[in-house]
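Q: What follows is a single structure, and I will ask about it in a moment.
The values are calculated or read from the model by the stated rules, or taken from the named source; none is laboratory data. In this text the structure is predicted, and so the values were computed from the model without any measurement. Cβ coordinates were reconstructed from backbone atoms using ideal geometry, including for glycine residues, and neighbour counts include every protein chain displayed.
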Amino acid sequence: MSIRIITDSAADLGEAFVSDHEVRIAPLRTIFPDGEYLQGVNLTAEQFYEKLIESTEVPRTSQATPYDFECLFEEAVAAGDDVVAIILSSKLSGTYNSAMTAAQSYEGRVFVVDSLSVTIGQQILVERAVQLREEGLNAAEIAQKLEIEKNQLVVIAALDTLEYLKKGGRVSSAVAIAGGILNIKPVIGIVDGAVELVGKARGSKQSNNLLRTKVFEAGGIDYSRPIRIGYTGLSDSILKKYLRDSADLYEGRIEGEIPVTHIGAVIGTHAGPGAVAVSFFRAE
């Protein structure tokens, strides 16, 4: 018997990581006027942003269903595996409720963790689960450990525009127009499982400085646990500028290349192109 780790596509995990660590994914759906797409199945991040830019309507996202999880849980248990499922924040989607509904048939075999996060925050919680599995913890112990460590998880992001938050009804048109005129760059964070505005900066340089400041305000980075940098859009130019401006936070502190993720549809729909995000476990 082994431990199978399952998550949903909001975690934006790369194909190589999924394959190397045998992680299973329940796909969320993104709905454009021309049809419905499964994130990570028939919609890559690049394809999503191309469609987002071209579309006259804001796409909708739809949660993974209980049946999606039922199939994954049944496959794992039938193979003799226990399951740790790490799911998109229950405050952002009904996907967690879908996973809990499916898990009722597998008491003692399937352990569902509400990540209280999304995208690269959810992703590093999955990476942490893989680490704990490699350390020899069983499924119940991994889930228990994640329930503690998710409270040390930090996700912050600097957005390039308020336009997509306006389109999604998250801010008013007046606020978005004023922000555009003043070149205001909002900084958001995941706070208690929900998205909150945690700061504003004028221009990309100040927003990068504010991201740095928020890292230190959160208590600094625990470099012994997973770290992720993410970006949205078709270009990574803003990401590269952030990495240059914040080189002292990462260079010489992380073994190998700085881990970067191209953020997909679930967050990209609301953040729009040009956002840079950072996720880490705060130093204890």
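Q: For S117, state whether it is in contact (Cβ under 8 Å) with a residue 40 or more places away in the chain and either surrounded by fewer than 24 Cβ atoms within 10 Å (Cβ to Cβ) or outside the structural domain of A277 (by TED's automatic domain parsing) (or both). Walk me through it before giving the result.
A: Working: in contact (Cβ under 8 Å) with a residue 40 or more places away in the chain: yes; either surrounded by fewer than 24 Cβ atoms within 10 Å (Cβ to Cβ) or outside the structural domain of A277 (by TED's automatic domain parsing) (or both): yes.
Yes.
Q: Being among the hydroxyl-bearing types (S, T, Y), at pLDDT below 95 and in contact with a helix residue (DSSP H, G or I) (Cβ under 7 Å, 6 or more places away or on another chain) narrows it down to one residue among S246, S235, S224; which is it?
A: Values: S235 fails: in contact with a helix residue (DSSP H, G or I) (Cβ under 7 Å, 6 or more places away or on another chain); S224 fails: in contact with a helix residue (DSSP H, G or I) (Cβ under 7 Å, 6 or more places away or on another chain).
Being among the hydroxyl-bearing types (S, T, Y), at pLDDT below 95 and in contact with a helix residue (DSSP H, G or I) (Cβ under 7 Å, 6 or more places away or on another chain) holds for just one of S246, S235, S224, which is S246.
Residues are listed down the side, and each one gets a yes or a no for (1) more than 12 Å from the chain's Cα centre (by Cα); (2) among the hydroxyl-bearing types (S, T, Y):
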| site | (1), (2) |
| --- | --- |
| P226 | yes, no |
| T232 | no, yes |
| D248 | yes, no |
| R253 | yes, no |
| G264 | no, no |
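Q: Considering each of V83, V112 in turn, give the residue that is within 29 Å of V278 (Cα to Cα), in a strand (DSSP E or B) and out of contact with any Lys or Arg (no Cβ under 9 Å at 6 or more places or on another chain).
A: Working: V83 fails: out of contact with any Lys or Arg (no Cβ under 9 Å at 6 or more places or on another chain).
Every option except V112 fails the conditions.
Q: Which residue is nearest to I3 (Cα to Cα), if the candidates are limited to the stretch 96-109 and must be in contact with a strand residue (DSSP E or B) (Cβ under 6 Å, 6 or more places away or on another chain) and either in the same structural domain as V191 (by TED's automatic domain parsing) or in a helix (DSSP H, G or I) (or both)?
A: Filtering the stretch 96-109 for residues in contact with a strand residue (DSSP E or B) (Cβ under 6 Å, 6 or more places away or on another chain) gives 96, 99-100, 103, 109.
Next, only the ones that are either in the same structural domain as V191 (by TED's automatic domain parsing) or in a helix (DSSP H, G or I) (or both) stay: 96, 99-100, 103.
Numbers: Y96: 20, A99: 17, M100: 18, A103: 15 Å.
Restricting to residues being in contact with a strand residue (DSSP E or B) (Cβ under 6 Å, 6 or more places away or on another chain) and either in the same structural domain as V191 (by TED's automatic domain parsing) or in a helix (DSSP H, G or I) (or both), the top hit is A103.
Q: Identify, from the list I190, I184, I142, the residue that is surrounded by 14 or more Cβ atoms within 10 Å (Cβ to Cβ), within 30 Å of I6 (Cβ to Cβ) and either modelled with pLDDT under 85 or assigned by TED's automatic domain parsing to the domain that holds A271 (or both).
A: Values: I184 fails: within 30 Å of I6 (Cβ to Cβ); I142 fails: either modelled with pLDDT under 85 or assigned by TED's automatic domain parsing to the domain that holds A271 (or both).
I190 is the lone residue from the list that is surrounded by 14 or more Cβ atoms within 10 Å (Cβ to Cβ), within 30 Å of I6 (Cβ to Cβ) and either modelled with pLDDT under 85 or assigned by TED's automatic domain parsing to the domain that holds A271 (or both).
Q: For the stretch 51-82, which residues satisfy the criterion of being at pLDDT below 95, surrounded by 12 or more Cβ atoms within 10 Å (Cβ to Cβ) and charged (D, E, K, R)?
A: K51, R60
Q: Sticking with this one: Looking at the stretch 234-243, is at least one residue touching a residue at least 24 places away in the same chain (Cβ under 8 Å), in contact with an Asp or Glu (Cβ under 9 Å, 6 or more places away or on another chain), in the same structural domain as I190 (by TED's automatic domain parsing) and within 30 Å of K51 (Cα to Cα)?
A: yes
Q: Do we find that G272 is over 16 Å from A11 (Cβ atoms), modelled with pLDDT under 90 and surrounded by 14 or more Cβ atoms within 10 Å (Cβ to Cβ) in this structure?
A: Numbers: over 16 Å from A11 (Cβ atoms): yes; modelled with pLDDT under 90: yes; surrounded by 14 or more Cβ atoms within 10 Å (Cβ to Cβ): yes.
Yes, satisfied.
Q: Looking at this structure, is P59 touching a residue at least 24 places away in the same chain (Cβ under 8 Å), over 22 Å from V126 (Cα atoms) and out of contact with any strand residue (DSSP E or B) (no Cβ under 6 Å at 6 or more places or on another chain)?
A: Values: touching a residue at least 24 places away in the same chain (Cβ under 8 Å): yes; over 22 Å from V126 (Cα atoms): yes; out of contact with any strand residue (DSSP E or B) (no Cβ under 6 Å at 6 or more places or on another chain): no.
Criteria not met by P59.
Q: Please go through the stretch 208-223 and give me each residue that is over 20 Å from the mean Cα position of the chain (by Cα) and either touching a residue at least 24 places away in the same chain (Cβ under 8 Å) or not assigned by TED's automatic domain parsing to the domain that holds V276 (or both), ordered by number. Lay out the reasoning, then the answer.
A: Of the residues in the stretch 208-223, the ones over 20 Å from the mean Cα position of the chain (by Cα) are 209-210, 213, 216-217, 219.
Once the filter is applied, which keeps residues that are over 20 Å from the mean Cα position of the chain (by Cα) and either touching a residue at least 24 places away in the same chain (Cβ under 8 Å) or not assigned by TED's automatic domain parsing to the domain that holds V276 (or both), the stretch 208-223 yields N209, L210, G219.
Q: Let me ask another. With the requirement that a residue be aliphatic (A, V, I, L, M) and outside any helix (DSSP H, G or I), what does the stretch 1-19 give you?
A: Taking the stretch 1-19 as the starting set, the residues that turn out to be aliphatic (A, V, I, L, M) are 1, 3, 5-6, 10-11, 13, 16, 18.
Within the stretch 1-19, M1, I3, I5, I6, L13 qualify.
Q: I've got another one for you. Wholly within the stretch 192-269, which strands (runs of 3 or more DSSP E) include no fewer than the required count, namely at least 2 residues that are among the hydrophobic types (A, V, I, L, M, F, W, C) and at negative phi? Spell out how you get there, then give the answer.
A: Working: elements: 194-202, 228-231, 260-262.
Because the criterion is at least 2 residues that are among the hydrophobic types (A, V, I, L, M, F, W, C) and at negative phi, the strands (runs of 3 or more DSSP E) in the stretch 192-269 that meet it are 194-202.
Q: Every residue in the stretch 22-36 that is buried (at least 16 other Cβ atoms within 10 Å of the Cβ) and in contact (Cβ under 8 Å) with a residue 24 or more places away in the chain, please.
A: Applying the first criterion (buried (at least 16 other Cβ atoms within 10 Å of the Cβ)) to the stretch 22-36 yields 23-30, 32.
Matches in the stretch 22-36: V23, R24, A26, P27, L28, R29, T30, F32.
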